[in-house]
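Visitor: Please read through the structure below; I'll follow up with questions.
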């Protein structure tokens, strides 16, 4: 070679090696399985969209961070920065074909040219699911049920889904005749944790030009705590007489009752009036999901109800509700919590290639094991056994199968448990089922995968 | 809204609606399952790479078609146009960590700004698997076994894997002392089907400046046909005395013997010396896979052995072999062959929302059915039953579950087979298993999904 090119990736972009890609795929597959079980269908949209579809639909920040360029035909195009804007475009374009309610999931990468920093990447995967075209509380309830089932199936039991309804605060502000001051009121309220009640109260009066009593009422709502029943009673008192607020509370009541009725343990959900995710976008119920063992990492599954998904592209009214699993954040959390095994092979069994002349025997053995749904790799070269076992260890195989010509002639194999360093001899030709039973025991694989 | 934006996709790009996305996902999942079963691990690489990584690595055509631009940091970047160049970069960068043999699969979209025409898209998915770091024939054999198993599990039985070895032609050209004339000889040979033997023979002599006897020998090889044994005998005669050629033939013999020994029916593979896929890139065995019912669509799974994957990025010698399933071409074929069901929901069962007051009963029913691994959608609004059944039909649900307050009070449901328009009443509260058995019968779902 005259000149070698340095192999490297762009800043903020990642290669996924097998040991990180395997848990990623596993979680994405779990998400697909759970979403489908609730009737959500997969869709996909192009990575590139006309720039005018994408600009001005997120925030100023997403506009600035968007990867954009002119394509070969001189068209201005951009790479999607989320899956919601493409969904809005998609729904506007196809809803007459799709019909409503339309339940879709979309698991795909998105791109943002953020300043790379710890935990921030320029390419990351979103796992969204949404129900479009209905205002029914059934869709709200199902969203919470999906989040709950999804985390359980991923293997996380200690989490809490925080539930709020944007209508409660809206209702209170309406009642206090502060609707036109929503933005400054919220901006102050956001500082509650940082600067404390008194400072927020003062700031609200100064900046939003509201009375001490009005500020006090808003703060009272923000500070409501207690059991589900207590919270519902407290906020009911605050918004009483305002229709929006009362409807919001009624919906929170229906959702929490349905969760209880569906057997979701009470420690896994919580009304929390402080949850204010994307208040300019969501219009109804809002969800955030916190890990009990690592709350500091933030919400790993968030979403909510919106009034109109696609009004930038169509006059058809499309209300909906959805949520998104933050795959990268969840995996970072699971890594911190040591929930991820350092395995580098999807197959639990390695067949050592021992006797060069007996390849066909090894191939038959491999075929037998695979036919039982157990993954198996045949080492490709008749290297020294020590080298092959070292390879098996470094890759994280659970079992090695070893047989030389003597064993093969006798229809035997050595089955070596690599974790416990124990071996057993099995007469596989006489009783293939004995070998499969031993492998099922050692690998924990029961069914065909 | 002041101005609506027309919802549309870029030329050559596609939205995938549920009925097209579901079979796509199914095939990708089958590929993952089969690849894993043979010990291939998943990896992923960034969509964007430094431009210098990508340019000059494919053909002039891929260079011209590449989507490229300057990122926010002024770096020249490009969107990958295949998964092989990123694999080469990835292997060069990580092989010291990964070790060899390294078996990976990568299922991901790639982009080429081709002129859009029937069946050509600017964004399409590749499903690659490769074994790197070994020259063993075991990897060649496994590649063929994976292709065979993959197509069977996708549901295709009538196909043929065509197998050739680049070394056979190389050997013959060496023997005829024509190695330096490989390119013009092949260019002429490519026209065999179009212009016939005599014209090719004349052209070879004129353009490549070779003798009539040399041209005759090359054509003899290209025309070899018959059974596996016959072909091996014929090409053996032609290349006898040349080591490269003889090694190539020995390898073809090992592969075909192993396939036979592994129980691959003889009608599913075929030696074919005319298969010349990417002769400038592959150096050993080459595979193409033709559909018996639609050969005109071309090879749906192709690959081969290469000498050195990553020499542009590293001095480490990395031979390997791999193949790629052409997802878009395969799906186009399956659609033509009417192998794809027009289903728009991943859940087979719809629960009609009949009595507004009984939401919690419907939720419990849904929970029961899902717990058996059967997907179920609860219609979100208590609309007229006729509208809900129309929705069920249009989506392709198999079963509707219908219960009003009278039935619910009695612990009963109507289970309606939507294809046959038959109904049965089941006492689900008394015997949940009766309901699940009926649903398993009607949907064909046996195990937990």
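Read-outs: derived from the displayed coordinates by stated rules, not from any lab. Everything quoted here is computed from the prediction, not taken from an experiment. All Cβ positions, even for glycine, are placed from backbone atoms using ideal geometry, and neighbour counts span all protein chains on display.
Visitor: Compute the relative contact order of the range A:159-291 as a whole-number percentage, counting only Cα pairs closer than 8 Å that sit 6 or more residues apart in sequence.
Guide: This gives 51 percent for the range A:159-291.
Visitor: Right, another one. Which value in deg cm²/dmol, rounded to the nearest 500, describes the helix-derived mean residue ellipticity at 222 nm for chain B, given -39,500 (n - 2.57) per DSSP H run of n ≥ 4 and division by the residue count?
Guide: Helix-only estimate at 222 nm: -13000 deg cm²/dmol.
Visitor: Quantify how strongly other chains surround peptide A:11-23 by giving the mean number of their Cβ atoms within 10 Å of each of its Cβ atoms.
Guide: Rounded to a whole number, the mean comes out at 5.
Visitor: Between rounded, prolate and oblate, where does the range B:349-443 land on the alpha carbon gyration tensor, with a ≥ b ≥ c its root eigenvalues, rounded for a/c under 1.5, else prolate if a/b exceeds b/c?
Guide: Rounded, because the longest to shortest axis ratio a/c is under 1.5.
Visitor: Can I ask one more? Counting only other chains, and only Cβ atoms inside 10 Å, what mean value do you get across the residues of B:305-318?
Guide: 2
Visitor: Nearest the rotation axis from B to A, which residue of chain B has its beta carbon, and at what whole-angstrom distance?
Guide: Reported as residue, whole Å: B:69, 2.
Visitor: Mind ranking B:84-92, A:414-422 by how tightly packed they are, going by the mean number of other C-beta atoms within 10 angstrom, highest first?
Guide: Ranking, from highest mean packing down: B:84-92, A:414-422.
Visitor: Let me ask you something else. Which of B:179, B:431, B:266 moves most in a GNM of chain B, Cα contacts under 10 Å?
Guide: Largest GNM mean-square fluctuation: B:431.
Visitor: Determine the percent antiparallel among the DSSP beta bridges restricted to the range A:349-443, to the nearest 5.
Guide: Once the DSSP bridges in the range A:349-443 are tallied, antiparallel ones form about 60 percent.
Visitor: Sticking with this structure for a sec: Helix A:359-371 sits at what angle to the longest principal axis of chain A, using alpha carbons and giving 0 to 90 degrees rounded to 10?
Guide: 40 degrees
Visitor: Using 1/(1 + (r/R0)^6) with R0 = 56 angstrom and r between the beta carbons of residue A:72 and residue A:355, what's the FRET efficiency to the nearest 0.05?
Guide: According to the calculation, E is roughly 0.50.
Visitor: Suppose you put the label 7 Å out from Cα in the Cβ direction; list, shortest first and in nm with one decimal, how far residue A:51 is from each other copy's label.
Guide: Nearest to farthest, the other copies are at 1.7 nm.
Visitor: Relative contact order (percent) for chain B, with alpha-carbon contacts under 8 angstrom and 6 or more residues of separation?
Guide: 14 percent
Visitor: Work out the P(r) tail for the range A:159-291: percent of alpha carbon pairs separated by more than 20 Å, whole number.
Guide: The proportion of pairs with Cα distances above 20 Å equals 43 percent.
Visitor: At a Förster distance of 30 Å, what's the computed FRET efficiency of residue B:281 paired with residue B:199, Cβ-Cβ distance as r, to 0.05?
Guide: So the FRET efficiency works out to roughly 0.60.
Visitor: In degrees from 0 to 90, rounded to the nearest 10, what is the angle of the helix A:197-207 Cα long axis to the longest principal axis of chain A?
Guide: It is inclined by approximately 60 degrees.
Visitor: Relative contact order (percent) for the range A:111-227, with alpha-carbon contacts under 8 angstrom and 6 or more residues of separation?
Guide: Answer for the range A:111-227 is 14 percent.
Visitor: Where does helix A:212-222 land angle-wise versus the long Cα axis of chain A, in degrees 0 to 90, nearest 10?
Guide: Compared with the principal axis, the helix lies near 20 degrees.
Visitor: Once you have the Kirkwood Rh of the protein assembly as shown from its Cα pairs, apply Stokes-Einstein at 37 °C and 0.692 mPa s and quote D in µm²/s.
Guide: Estimated diffusion coefficient is 107 µm²/s.
Visitor: Hey, another quick one. Taking the label point 7 Å from Cα in the Cβ direction, how far apart in nm is residue A:409 from each other copy of itself, listed shortest first?
Guide: Inter-copy label distances (nm, one decimal, shortest first): 8.2.
Visitor: Kindly give the distances from residue A:94 to its copy-mates, label point to label point, with each label point 7 Å from Cα along Cα→Cβ, as nm values to one decimal ordered shortest first.
Guide: Shortest to longest, the spacings are 3.1 nm.
Visitor: Let me ask something else about it. Please work out the Cα center distance from the range A:52-107 to the range A:142-194, rounded to the nearest Å.
Guide: Answer, in whole Å: 26.
Visitor: Looking at the range A:159-291 only, what percent of DSSP beta bridges run antiparallel? Nearest 5 please.
Guide: 70 percent
Visitor: Other chains' Cβ within 10 Å of B:249-258 residues: what's the mean?
Guide: 1
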